[in-house]
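S.K.: Pasting in a structure now, in structure tokens, and then I'll have a few things to ask.
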Amino acid sequence: MLNKKFGFYATVALAGSVFLAGCGDDAANEGEGGGGASEPEFLSILTGGTTGTYYPLGGAMATIIENETGIDTTAEVSQASAANMTSLADGTGEIAFVQTDTAFYASEGSNMFEGEVIDSVSAIGALYPETIQIVTTEGSGITAFEDLAGKSVSVGAPGSGTYINAEQLLEIHGMTMDDIDAQNLDFGESQESLQSGQIDAAFITAGTPTGAVESLSATADVDIVPVAAEKAAELIEKYPYYAEDAVPSGTYGLTEEVPTVSVLAMLVVQNDISEDTVYDITKAIYENTDQIQHAKAEFIKAETALDGIGIDIHPGAQRYFDEVNQ
């Protein structure tokens with residue numbers, strides 16, 4: 001009986017040691033491979049609403065990345081800049097469109113990210129100017145920024161990049177959100193509300209031409225409220241991530257150029273995506289802009305991709321730009 005019991009226990013012990021040895025091998029293998037860097041089989045690009053600029057650009061870039069790298073890639077509708085930074089930090093998506101100012105706030109834990117520093121996301125590169133368009137229609141009585149006082153104005157979702165842009169422009173003009181009837185609408189809702197006369201104006205921060213404003217111009221005469229040169233200079237002095245910009249004549253049926261300001265659109269990526277993968281993604285995007293059928297494609301250049309970025313560059317992207325900009 002004793003010998004039978006010993007044989008049973010020995011068999012169990014042997015099996016257990018084999019199992020533990022196998023686990024030890026798996027654990028050892030798990031610890032190898034570049035400090036946890038990820039080689040994803042699937043990539044999700046977080047964009048914005050379907051009527052903005054991020055979404056069509058994201059769709060084109062997803063196709064390019066998939067064709068050039070072989071990684072399944074899709075563009076996802078989202079709530080744009082601020083939400084995209086939070087989503088990447090939470091692991092919902094791997095790449096995202098954001099405004100340079102929003103990415104900076106996230107890295108510092110300021111403005112809409114008060115008390116929440118996001119340090120798990122880094123830059124791929126800058127893309128194109130995000131023009132701050134203060135959109136209204138003929139007959140609204142709004143021809144200058146000061147005319148917004150007392151009017152119903154869409155300023156984007158609280159904490160969004162557009163909201164902060166509106167807040168800072170109001171500040172430079174000696175106003176606050178309390179001086180307008182602020183409405184928290186997305187671009188599509190702003191278009192519909194302007195069209196129906198429910199609001200008087202809307203802040204829209206996006207590359208021009210913006211789909212929502214183009215749709216509005218198909219049924220109404222669109223006006224863009226100018227930002228005077230001296231106010232633009234004052235804004236840039238206080239918030240240096242802004243730049244002077246203009247909505248060109250002919251856009252939305254405008255008969256002359258309208259001065260305004262802009263921030264930059266950029267792409268960001270999770271830090272733990274491997275250097276080689278991000279290098280391949282960056283190369284795919286910046287060397288195939290001819291495949292992007294959007295007016296903003298002409299601004300997407302490796303030579304200017306590091307301009308205006310206030311956060312760390314991913315090592316894979318940095319390696320690519322170092323090579324091409326030598």
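The values are calculated or read from the model by the stated rules, or taken from the named source; none is laboratory data. Just so you know, these numbers come straight off a predicted model, no measurement behind them. So basically every Cβ, Gly included, is an ideal-geometry build from the backbone, and we count neighbours across all protein chains shown. With ligands, DNA and RNA removed, areas are computed over all heavy atoms of the protein, side chains included. Shrake-Rupley method; radii C 1.70, N 1.55, O 1.52, S 1.80 Å.
S.K.: Only four residue types carry charge here, +1 at the Cβ of Lys and Arg and -1 at the Cβ of Asp and Glu. Report the dipole size of the chain about the Cα centre in Debye, rounded to the nearest 20.
M.R.: Working: 9 positive and 52 negative charges, 209 e Å.
Dipole magnitude for the chain comes out near 1000 debye.
S.K.: Mind pulling the angle between the C-alpha long axis of helix 187-196 and the longest principal axis of the chain? Nearest 10 degrees, somewhere in 0 to 90.
M.R.: 30 degrees
S.K.: Separate question: Please report the carbon-and-sulfur percent of the accessible area for segment 178-326; probe 1.4 Å, protein heavy atoms only, DNA, RNA and ligands left out.
M.R.: 42 percent
S.K.: What is segment 41-153 by shape, rounded, prolate or oblate, if you read a ≥ b ≥ c off the alpha carbon gyration tensor as root eigenvalues and call it rounded for a/c under 1.5, prolate for a/b larger than b/c, and oblate otherwise? Don't jump to the answer; show the numbers that get you there.
M.R.: Numbers: a/c = 2.85, a/b = 1.57, b/c = 1.81.
The shape class here is oblate.
S.K.: Shifting gears a bit: Would you please classify the overall shape of segment 130-269 from the alpha carbon gyration tensor, given that a ≥ b ≥ c denote the square roots of the eigenvalues, rounded means a/c under 1.5, and beyond that prolate means a/b larger than b/c while oblate covers the rest? Please report the intermediate quantities before stating the final value.
M.R.: Numbers: a/c = 1.29, a/b = 1.19, b/c = 1.09.
Rounded, because the longest to shortest axis ratio a/c is under 1.5.
S.K.: For residue 120, what residues show an amide H to amide H distance below 5 Å, using hydrogens built from the backbone and excluding near sequence neighbours?
M.R.: Here nothing satisfies the definition.
S.K.: Please give the calculated 222 nm ellipticity per residue for the chain, where each DSSP H segment of at least 4 residues contributes -39500 (n - 2.57) and the sum is spread over every residue; nearest 500 deg cm²/dmol? Could the numbers behind the result be given before it?
M.R.: Details: 10 runs with 125 residues, N = 326.
Helix-only estimate at 222 nm: -12000 deg cm²/dmol.
S.K.: Can you work out the accessible area per residue across the chain, with the rest of the protein chains kept in place, probe 1.4 Å, in square angstrom? Don't skip to the end; give the middle numbers.
M.R.: Details: 15020 Å² over 326 residues.
Heavy-atom SASA per residue in the chain reads 46 Å².
S.K.: By how many degrees, between 0 and 90 and to the nearest 10, does the Cα long axis of helix 275-286 differ from the longest principal axis of the chain?
M.R.: 30 degrees
S.K.: Taking amide H atoms as placed 1.01 Å from N in the peptide plane, list the residues 5 or more away in sequence, or in a different chain, whose amide H sits under 5 Å from that of residue 43.
M.R.: Those lying under 5 Å, H to H, from residue 43 are 72, 73, 74.
S.K.: Could you run the Karplus curve 6.51 cos²θ - 1.76 cosθ + 1.60 with θ = phi - 60° over segment 224-238 and give me ³J(HN,Hα) per residue in whole Hz, x for Gly and Pro?
M.R.: Karplus values, whole Hz, x for Gly and Pro: 10, 6, x, 10, 4, 4, 5, 6, 4, 5, 5, 5, 5, 5, 7.
S.K.: Counting only the backbone N, which residues of segment 267-281 are under 17 Å from the spot 7 Å out from the Cα of residue 66 toward its beta-carbon?
M.R.: In segment 267-281, the label zone of residue 66 (backbone N under 17 Å from the point 7 Å along Cα→Cβ) covers 281.
S.K.: According to a simple spin-label model (label point 7 Å from Cα along Cα-to-Cβ), what is the distance in nm between residue 228 and residue 306?
M.R.: Roughly 3.9 nm, to one decimal.
S.K.: Would you grab the residues whose amide H sits under 5 Å from the one on residue 264? Only those 5+ places off in sequence or on another chain, please, with H modelled 1.01 Å from N.
M.R.: 100, 101, 130
S.K.: In whole Hz, what ³J(HN,Hα) sequence does segment 173-185 give by Karplus (6.51, -1.76, 1.60; θ = phi - 60°), x for Gly and Pro?
M.R.: Each residue of segment 173-185 in turn: 8, x, 10, 9, 4, 5, 7, 10, 8, 6, 10, 8, 10 Hz.
S.K.: How would 274, 110 line up by accessible area, probe 1.4 Å, largest first?
M.R.: 110, 274
S.K.: For the chain, list log₁₀ I(q)/I(0) at each q in 0.08, 0.13, 0.14 Å⁻¹, using the Debye formula over Cα point scatterers of equal strength and ignoring solvent, two decimals each.
M.R.: -0.42, -0.93, -1.06
S.K.: Which value, in Å² and to the nearest 10, is the accessible area of residue 167 when all protein chains are kept and the probe is 1.4 Å?
M.R.: 80 Å²
S.K.: Let me ask you something else. Taking Cα centroids, how far is segment 56-84 from segment 112-136 in Å?
M.R.: Taking the Cα centre of each part, segment 56-84 and segment 112-136 sit 17 Å apart.
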